[in-house]
């Protein structure tokens, strides 16, 4: 069951997969054109099981605001000795490879930041297909006040250590996606979604 949401060379997929890489970024703001990445993380999954992790803070040219620090806990002091994005992005992209990438609001946020960095640094385009767990949560019809990752992990009883830190969100998102797959499979078989 594959449904393509757009016609670009990279796709937003709506299918169940067991091999993928979860990605998450923390940034200085919401604009992929004007803001900068301050943390990169990824979790590689094979046959539904975590096999490897990548995590790095990133030194930005733009100062990290108090608002961003209050959300992420990341300070300017924490990132001052970290690699700049140009020094670490190649390693991050190598870790992801050609995998389908998975994330929460990945299409409208994380993938756009990476695409912009690749353009700015004259790197090959970031064309990985993507699966968005927000889409799967919508399909599940869960009785939750919203579809934030922290809301979903609470609903499924998943420990979400370090929420709003890139690696903590990757691990939580991986576990959440595996639960969402169970939920949707149950609904497709005319069973109630139970967790």
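Every read-out reported here was derived from the displayed coordinates using simple, explicitly stated rules and does not represent laboratory data. What you see is a predicted model; the values in this text were computed from it and never measured. For neighbour counting, all protein chains shown are included, and Cβ atoms are generated from backbone atoms with ideal geometry for every residue, glycine included.
Percent relative contact order of the chain, based on C-alpha pairs within less than 8 angstrom and at least six residues apart? Write down the numbers at each step before the final one.
Working: 334 pairs, mean separation 44.9, N = 195.
It comes to 23 percent, rounded to a whole number.
Could you compute the FRET efficiency for residue 77 and residue 17, with r as their C-beta to C-beta distance and R0 at 45 Å, rounded to 0.05?
Values: r = 39 Å, r/R0 = 0.87.
That pair, residue 77 with residue 17, gives E of 0.70.
For the pair residue 178/residue 159, report the inter-label distance in nm, with labels modelled 7 Å from Cα in the Cβ direction.
1.4
Working out 0.36 nm times the residue gap between residue 121 and residue 67, then minus their Cα-Cα distance, what length gain in nm do you get to one decimal? Could the numbers behind the result be given before it?
On the way: separation 54, 0.36 × 54 = 19.44 nm, distance 2.79 nm.
Here the segment from residue 121 to residue 67 would lengthen by 16.7 nm.
Pairing the Cα long axis of helix 166-188 with the longest principal axis of the chain, what angle in degrees results, from 0 to 90 and rounded to the nearest 10?
For 166-188 against the chain, the angle is about 20 degrees.
Hey, what number do you get for the chain at 222 nm if only DSSP H runs of n ≥ 4 count, each worth -39500 (n - 2.57), divided across all residues, to the nearest 500? Before the final figure, lay out each step's value.
Numbers: 7 runs with 72 residues, N = 195.
Helices in the chain give a 222 nm mean residue ellipticity of -11000 deg cm²/dmol.
If you build the convex hull over the alpha carbons only and average its shadow over all orientations, what do you get for segment 9-154? Give it in nm² to one decimal. Numbers along the way, then the final one.
Working: hull surface 37.4 nm².
Mean orientational projected area (segment 9-154, Cα hull): 9.3 nm².
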